[in-house]
Structure formats: structure tokens, C-alpha cells
Amino acid sequence: MSTLTPPVQLTPKDVERASVRDGKLYELIGGELKEKRVGFWELFTAQRIIERLNQQFYPHEGAAAGEVMVYCFKRANHGRKPDVVYVRNKQYAEGRIAEGDIYVVPHLVVEVLSPNNTGLEVDDKLEEYLEAGIPLVWIVNRDRRTIRVYRSDGTTHLFKGQDVIENEPLLPGFRLVAADVFPAP
């Protein structure tokens with residue numbers, strides 16, 4: 001008679017240790033490590049968005065950063081590393097930027113699609129983000145050069161070319177031309 005060994009359920013500390021040990025980016029999906037592969041193009045695009053958010057909001061309103069582990073989900077053994085995370089200062093204790101991982105609900109997360117993202121994976125991330133209470137989720141499509149904005153109220157809008165993302169209640173005064181975040185063709 002053989003018995004199956006239950007899978008090891010990893011913790012946030014295990015993810016941090018594995019990332020340092022392996023020199024890789026990992027997410028913690030249901031207690032299991034999942035490598036997140038990110039290329040130069042994706043990082044460049046994410047950095048352009050981070051720069052714009054920080055120009056507008058840092059240090060008085062909030063701050064944006066890239067590839068930060070976010071633990072705001074209903075499961076303690078579940079964390080994601082969005083390409084961009086924006087958190088308002090009032091979310092942090094004493095209004096200071098957190099050191100290390102984020103354990104609050106961000107106001108915005110951005111996923112820049114890469115060739116190895118599947119449709120199911122993107123749908124899962126989007127659903128998880130919205131269920132966690134993140135009010136704005138942007139999905140950036142490299143092939144179509146578009147930004148699709150999803151809001152917690154169920155509305156969505158597609159931006160491309162010279163379309164301008166502006167008048168978002170959670171991003172007061174923020175203005176971004178969709179084409180400006182993409183590398184030159």
C-alpha cells in the first residue's frame with residue numbers, strides 16, 4: 001500500500017529565500033513556487049509606467065515600484081508579483097513606504113504581457129486582483145500595444161495609440177498617453 005505525500009506548503013519567507021538562493025523571481029501560488037519570467041521589453045514598459053506614476057504622486061500621495069511581492073489575497077500562502085504596483089501612502093503604517101513585500105491592497109497593479117503568458121493565466125491573475133479588492137488593474141498587451149483598464153466596479157476600457165488614460169478617481173491628476181509607455185517600434 002502506497003501513500004501519497006502531501007505537497008509542501010511554502011510561506012512568504014520561503015519565497016524570499018528561494019529567490020535569493022536561485023536568483024529568480026517567484027510567485028507563491030497556492031503554497032507552491034512559480035517562476036515569473038520577465039524580459040527586457042516587459043521591464044522597460046513597466047518602468048515607463050512606474051516613472052509616470054512616481055512623477056505624479058511620489059512622495060505626497062503614494063509610490064509605484066516594480067516586481068514587488070503582494071500578499072493581499074484571502075489565502076496566506078498566495079502572493080503575486082505584478083510588473084507594477086502603486087500604493088497610496090495612507091495604506092502604509094505611518095504613511096511610509098513598506099520595506100520588503102506588500103501586505104496591503106494596492107490601488108493599482110499592472111501586468112505587462114509577455115510571450116509566455118497564457119490567456120488562462122492572465123484571466124486568473126485579473127480575477128484574483130479584483131477579488132482581493134484592488135480597484136484598478138491594467139493589462140498591457142505588447143503585441144497590440146494596448147492598455148486595458150479594469151475597474152472594481154466591473155467597467156473596462158481599452159486604450160491604444162494616442163488614447164489618454166486620465167480622470168481616474170483613484171489617480172487624480174494622472175494623465176498618460178497609451179503609446180508613450182511602449183518602446184519605439
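Using per-residue counts of other Cβ atoms within 10 Å, averaged over each peptide, order 80-86, 159-165 from highest down.
Those peptides, ordered most packed to least, come out 80-86, 159-165.
Starting from the 7 Å offset along Cα-to-Cβ, what nm value, one decimal, do you get for the label separation of residue 157 and residue 170?
That separation, rounded to one decimal, is 1.5 nm.
Within 10 Å, count the other beta carbons around each residue, average over each peptide in 60-66, 34-40, and list them highest first.
60-66, 34-40
By how many degrees, 0 to 90 and rounded to 10, does the Cα axis of helix 119-131 deviate from the longest principal axis of the chain?
Long axis of 119-131 versus the principal axis of the chain: about 80 degrees.
Using only Cα atoms and rounding to the nearest 10 degrees, what angle (0 to 90) does helix 12-22 make with the longest principal axis of the chain?
90
Could you sort 41, 138 by accessible area so the largest value comes first, with the probe set to 1.4 Å?
Listed by decreasing accessible area, they come as 41, 138.
Could you compute the FRET efficiency for residue 14 and residue 96, with r as their C-beta to C-beta distance and R0 at 22 Å, rounded to 0.05?
After rounding to 0.05, the efficiency reads 0.25.
State the answer as a single residue: which of 133, 54, 114 lies farthest towards the positive end of the charge dipole of segment 1-138, with beta carbon charges of +1 for Lys and Arg and -1 for Asp and Glu, about the Cα centre.
Toward the positive end, the furthest listed residue is 54.
Of (1) 29.7, 89; (2) 16.9, 66; (3) 15.5, 45, which is the value of Rg and Dmax of the Cα atoms in Å derived from the coordinates here?
(2)
Quick check for me: using +1 on Lys/Arg Cβ and -1 on Asp/Glu Cβ, what's the dipole size of segment 26-185 about its Cα centre, in debye to the nearest 20?
I would put it at about 220 debye.
Which value, in debye to the nearest 20, gives the size of the charge dipole of segment 1-115 about its Cα centre, when Lys and Arg are +1 and Asp and Glu are -1 at the Cβ?
Roughly 160 debye, rounded to the nearest 20.
The values are calculated or read from the model by the stated rules, or taken from the named source; none is laboratory data. What you see is a predicted model; the values in this text were computed from it and never measured. Here the Cβ is made from the backbone with ideal geometry for all residues, glycine too, and neighbour counts use every protein chain on show. In case anyone asks, the SASA skips ligands and DNA or RNA and just uses the protein heavy atoms, side chains included. Shrake-Rupley method; radii C 1.70, N 1.55, O 1.52, S 1.80 Å.
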